[in-house]
Amino acid sequence: AVIGRYKLSVQIGSSSPASLGTFVLLFNPWSSGDDVFMPNKAECEEYVLEEFGIIFAGNKNHISSFGWNFGQFQGDILNICLSIMDRSLYYRQDPVTDVSLRHDPRYLGRVLSAMVNANDDQGVVLGNWSGKYEGGKNPSSWTGSGEILQSWKKSGFKPVKYGQCWVFAAVLTTVLRCLGIPTRTITNFSSAHDADENLRVDEFYDADGNHLERGADSIWNFHVWNESWFTRKDLGPSYSGWQVLDATPQEQSGGIYQCGPASRYAIKEGEVDLDYDCPFVFAEVNADCMYWNYDSATGKKTLIFSKSTEIGVSISTKAVGRDDRVDVTSDYKYEEGSAKERDIFKKARKKLGLEDKFDPTAPTQEEAEQKPDISGKFKVAGSLEVGKDLNLLLVLENLQSDAKTVNVNMTAWSTLYTRRPINVIWKDSISVTLAPKEEKQFPIKIKYPEYQQQLTTDKTIQLTALCHVEDGIQVLVQRNITLDNPAIDIQVLGEAKVNKEVVVEVAFTNPINTEVKDCVLQVEGSDLLQGILELRIPPLKASEKSSTKFKLIPSEAGPKHLLVNFSCDKFADIKTFKTVNV
């Protein structure tokens, strides 16, 4: 049966039918005959009934997380989810066929991955990766899907501004869980966006070490997509189970911005010729990286180095029934660097027809095999917190048994989480001589006033040192760092009971030696309060502590999650959550 709203009427004898009302039919993961049947009851609870989630972010060296209120059973959300289906391009082009296919989670997953982004179809959320968010909300400021879906409906179905990957994934989670399809969010660290389907991403740097925006490929610090659980009758039993869906508009598929469902098993086995969009997803977790030096005057590019173990690390999702991180990397690929993993990569290349075709942009054999004379890395010395000076070390080591002279050009740029450079923060150059096999450390200090104005709300900085070794090949040292926000604290004062007032206190201490102003506290939580509570807080002097109290009236018993987001002129979107046992 197709899902959706049905009319129910009864007819007695030959009298005219009497209407009994309507009901909504959904997918049923508890029923063994359903395409979305999930035998594990605890997983059904988490992936269909749970209204709270944790999304992982940051970067591979420093994984952070924040709470999200999916809120799939609140207010008007079911009606909105049903209207999303009726506004898709598929429905507009051929309503009869579209409705007849609504029994198939594979079809609906694909349609909804297109509808959650605004591209092509006036869908729910408009993406924005410019670093400027006038005329809408900064993607980092949302704390739940409810506000986004309600705004979309209230505006007469105009796209909501703005989203980035985790917003698209979180909204798709809400919609699919609401319809009964088990769904979760997945975060892939060092995620490749391979625009030209050659299983390779190219990054370009100039002689000063500045990261150039050239070509359509990119490596994101992290990317968030979805997995939904259903059978793949089109592919066969081994391809059933978790399927990758991605509502972030990155590349077109079938002429529109949609992605998936791609069987996770097919990705692991390199079966990139299977439906849908397996090559793109395979590249996100497996692409090889090439780092190039580009001379804009001559247009000449020189390979600095290539790496096959950079992409797709610490693939993460929330644990079932707990607020912990679970690593699912081994469900996407065989162990990095193992013979099996390389075999699968070769198999995928072959299926994509990349083995036999000459690629004029690929490095020459000579370029690929050259060995550097020195190695380098950035080490973090001390905490990386917004409001504090940043202390790092550049460590250079001479790998050869003769002395080497190295000219080093260093830059630090503020970036988006997609590593798109936004503002230059700091530049320096040094010339060093390294004795045979010698290792030297060079301290780097970037003061808070130097980066404060330049930092994006993603709080990410890319450090680069391009080392020009005399009579040797260049060495690129880079590190992406994500700064932590200061902490906020939530206390529930007293016992939380259904339909009884309970007071909550939120405390924040200004950690910097200047005043912070424009302070706003946003609070939400399914079954704890209706909608979103917004509180304005007076300016805070240096080191001053603010304490804000407000009341909740819980509407349902059980463990509920309260999400808090604090922003001011110096700190954007400090998020935390607290479990409230009602």
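Some points to look at:
- Computed accessible area, THR433, all protein chains, 1.4 angstrom probe, square angstrom: 80
- FRET efficiency, ALA368 to ASN423 (Cβ-Cβ, R0 35 Å, nearest 0.05): 0.55
- Heavy-atom surface of the stretch 371-482, accessible at 1.4 Å and reported per residue (Å²): 42
- Dipole magnitude (debye, nearest 20) for the stretch 1-91, charges at Cβ of Lys, Arg, Asp, Glu: 260
- Under 5 Å, built H, 5+ apart or other chain: amide partners of GLU515: ALA542
- Taking the Cα centre of the stretch 367-469 as origin and assigning +1 to Lys and Arg Cβ atoms and -1 to Asp and Glu Cβ atoms, the resulting dipole is close to 300 debye.
- Residue-by-residue Karplus 3J(HN,Hα) for the stretch 2-17, coefficients 6.51, -1.76, 1.60, Hz, glycine and proline x: 7, 7, x, 8, 10, 8, 10, 9, 10, 10, 10, x, 9, 5, 6, x
- Which of LYS497, LYS333, LYS233, LYS551 is most accessible, then next, and so on - probe 1.4 Å: LYS233, LYS551, LYS497, LYS333
- In the stretch 371-482, Cα pairs under 8 Å separated by at least six residues give a relative contact order of 33 percent.
- Listed by chain and number, the aspartates and glutamates placed with their C-alpha closer than 17 angstrom to that of LYS318 are GLU43, GLU45, GLU46, GLU50, GLU51, GLU227, ASP327, ASP331; residues fewer than eight positions away on the same chain are left out.
- Within the accessible surface of the chain, defined with a 1.4 Å probe on protein heavy atoms only, the carbon and sulfur portion equals 49 percent.
- Neighbourhood net charge (14 Å Cβ-Cβ; Lys/Arg +1, Asp/Glu -1) for GLY136: +2
- Using only the C-alpha atoms, the convex hull of the stretch 447-582 corresponds to 130 Å³ per residue.
- Set LYS132/LYS161; LYS132/LYS154; LYS388/LYS445; LYS545/LYS570 screened for pairs whose C-alpha atoms are more than 19 Å apart: LYS132/LYS154
- When only the Cβ of Lys, Arg, Asp and Glu is charged (+1, +1, -1, -1), the dipole of the chain relative to its Cα centre reaches about 1400 debye.
- Projecting the Cα positions of VAL328, ILE532, GLY144 onto the charge dipole of the chain (unit charges on Cβ atoms of Lys, Arg, Asp and Glu, taken about the Cα centre) puts ILE532 furthest along the positive direction.
- When the surface is traced with a 1.4 Å probe over the full set of protein chains, ARG342 keeps roughly 60 Å² accessible.
- Helix 145-154 and the longest principal axis of the C-alpha atoms of the chain enclose an angle of approximately 60°.
- Alpha carbon centroid spacing (whole Å) that separates the stretch 182-228 from the stretch 299-358: 12
- Rg ratio (alpha-carbon, reference 2.2 N^0.38 Å) - the chain: 1.05
- The Cβ shell under 10 Å around THR185 holds other residues with a net charge of +1, Lys and Arg each +1, Asp and Glu each -1.
- Point-to-point label distance, GLU439-ASP86, nm (Cα→Cβ direction, 7 Å offset): 6.6
- In this calculation the C-beta distance from ALA557 to HIS103 is compared with R0 = 35 Å, giving a FRET efficiency of 0.50.
- 3J(HN,Hα) from dihedral phi, the stretch 462-472, Karplus parametrisation 6.51/-1.76/1.60, rounded to Hz, x for glycine, proline: 10, 9, 9, 10, 9, 9, 9, 8, 4, 6, x
- Phi-derived couplings, Karplus 6.51 cos²θ - 1.76 cosθ + 1.60 at θ = phi - 60°, listed residue by residue for the stretch 183-192: 8, 9, 9, 10, 10, 10, 8, 6, 9, 8 Hz, with x used for Gly and Pro.
- Förster radius 30 Å - calculated FRET efficiency between ALA487 and ALA42 (Cβ-Cβ, nearest 0.05): 0.45
- Per residue of the chain, the DSSP helices (runs of n ≥ 4 H) give a summed -39500 (n - 2.57) that works out to -4500 deg cm²/dmol at 222 nm.
- Set of lysines near LYS340 by C-alpha distance (under 19 Å), chain-local residues within fewer than 8 positions excluded: LYS268, LYS307, LYS350, LYS351
- Grouping the Cα pair distances of the stretch 371-482 into 10 Å bins from zero gives a pair-distance distribution of 15, 45, 27, 13, 1 percent in increasing distance order.
- The mean sequence separation of alpha-carbon pairs under 8 Å and at least six residues apart, normalised by the residue count of the chain, gives a relative contact order of 11 percent.
- Peptides 147-157, 516-526, 292-302 ordered by packing proxy, namely the average of other Cβ atoms within 10 Å per residue, highest first: 516-526, 147-157, 292-302.
- Lysines whose Cα lies under 28 Å from that of LYS500, excluding same-chain neighbours fewer than 8 positions away: LYS549, LYS551, LYS560, LYS575, LYS578
- Net charge contributed by nearby residues that have their C-beta within less than 13 Å of SER151 (K/R +1, D/E -1): +3
- Take the convex hull of the alpha carbons in the stretch 257-413; its mean projected area over all directions comes to 15.4 nm².
- 1.4 Å probe accessible area per residue over the stretch 1-101, in Å²: 52
The values are calculated or read from the model by the stated rules, or taken from the named source; none is laboratory data. Worth saying up front: this structure is predicted, and the values here are computed from it rather than measured. A quick note on method: Cβ atoms are made from the backbone with ideal geometry, for glycine too, and the neighbour counts reach across all protein chains shown. Surface accessibility is based on the protein's heavy atoms, side chains included, excluding ligands, DNA and RNA. Shrake-Rupley method; radii C 1.70, N 1.55, O 1.52, S 1.80 Å.
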